[in-house]
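The values are calculated or read from the model by the stated rules, or taken from the named source; none is laboratory data. As the structure is a computational prediction, the values presented were derived from the model and not from experiment. With ideal geometry, Cβ positions are generated from the backbone for all residues, glycine too; neighbour counts draw on all protein chains shown. Note: accessible area is taken over every heavy atom of the protein model, side chains too, but ligands, DNA and RNA are not part of it. Shrake-Rupley method; radii C 1.70, N 1.55, O 1.52, S 1.80 Å.
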Amino acid sequence: MLDLRRLRLLREVKLRGTLAEVAEALNYSPSAVSQQLALLEKEVGVPLLRKSGRRVTLTPQAEILVAHTSTVLEVLEQAEAEVTTSLERPAGLVRLAVFQSAALALLPDALTLVRSEYPEMRLEVTQQEPEAALHATWTRDFDLVIAEQYPGHAAPRHPELDRVDLTTDPIRLGVSKKLVTEHNIKSLADTAGLPWVMEPRGTASRHWAEQACRQAGFEPDVQFETADIQAHIRLVESGNAVALLTGLAWVGRPVTVELIDLPGNPRRTVFTAARRASAKSPAIVVCRDVLARTAELITSTEG
């Protein structure tokens, strides 16, 4: 019988592309990964990997093994979920990935609820951009992810992941009171020529913000680039930049800038995703329930 641990390493090679990335993800040394894959090739009796520059590709026979390995891992994950479902109380570790504004708005109350109501559970939280976090959840680096989707901008889809909408929040133009007065800013188009702060290129929020500006008739002058939403707020407060800010950014803090509605009153959707095989695990169900309760509380407070 083939060694499942080695088969998983082969699957990781397909997902990540290099032995070094596999080693880093699984806390192995690159030499250990190479040795285990060499043993797997000996077990199977055919070549499984081919070098392609700095990366490695899988042979057709390796692709067959990876397809079956994915099925086996999914079945094992379902079995684990059924075992934990049989327990009286949710317990165990949940690895959660979350982007910054959702972490600041949702996690403090959600973590408090988990600790008070489900002390047998342990949450490990990592801040990561949604696109990367969805992929990492698919590759089993995380168990649950809080991600986002902007209007007209589809979030990455992975067939093994489900999706449960959590909340929506408005997207509005943030401008300091001083700039509003000085430039008579009443709409997005009025910010043409002003300095902007946006998230890094490649993120959904950056793409959406640039498209919104272009539809308003100008190319934004992005002088500041950072994924830190608190830095966005400080730059806007001080009058050094304007930005598109979402509602979650203001949870737990007073609104200190002018927020101007955009055409159509767009809203960002915040959702959770988990692998379908483990989605019914009591710990995952509890996490989603607690997050939903926290999001509902925020929404009712804002209302």
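Quick notes
- Charge context of Leu40, other residues only, Cβ under 9 angstrom, K/R +1, D/E -1: -1
- Apolar share of the accessible surface for segment 4-84: 54 percent from carbon plus sulfur atoms, 1.4 Å probe.
- In this structure His153 has an accessible area near 50 Å², from a 1.4 Å probe over the protein heavy atoms.
- Of all DSSP beta bridges in the chain, antiparallel share, percent nearest 5: 60
- Mean Kyte hydropathy of -1.0 or more with a Cα span along the axis of at least 15 Å, helices from DSSP in the chain: 4-16, 30-44, 60-85, 100-117, 282-302
- Among 20-26, 54-60, 284-290, sorting by the average number of other beta carbon atoms lying within 10 angstrom of each residue, highest first, gives 284-290, 20-26, 54-60.
- Given in Å, the Rg to one decimal and the Dmax to the nearest whole number for the Cα atoms of segment 5-69 are 10.5, 27.
- Debye intensity ratio I(q)/I(0), log10, segment 242-303, q values 0.24 Å⁻¹ (C-alpha model): -1.11
- Taking the Cα atoms of segment 141-226, the ratio Rg/Rh between the radius of gyration and the Kirkwood radius comes to 1.06.
- Accessible area per residue in Å² at 1.4 Å probe, computed on segment 91-302: 45
- Projecting label points 7 angstrom from Cα along Cα→Cβ for Ala32 and Glu225 puts them 3.7 nm apart.
- Legend: calculated FRET efficiency, Thr18 to Thr256, from the Cβ-Cβ distance at R0 = 41 Å, rounded to 0.05, equals 0.35.
- Listed peptides 115-121, 185-191 appear in the order 185-191, 115-121 once ranked by packing, highest mean of other Cβ atoms within 10 Å at the front.
- Stokes-Einstein diffusion of segment 174-303 at 10 °C, 1.306 mPa s viscosity, Kirkwood radius from Cα pairs, rounded to a whole number: 96 µm²/s.
- Residues whose amide H comes within less than 5 Å of that of Val242, counting only those at least five positions distant or on another chain, are Trp196, Val197 (H built at 1.01 Å from N in the peptide plane).
- Helix-only mean residue ellipticity at 222 nm for the chain, each DSSP H run of n ≥ 4 adding -39500 (n - 2.57), per residue, nearest 500: -14500 deg cm²/dmol
- Longest to shortest principal axis, alpha-carbon extents of the chain, angstrom: 74, 52, 30
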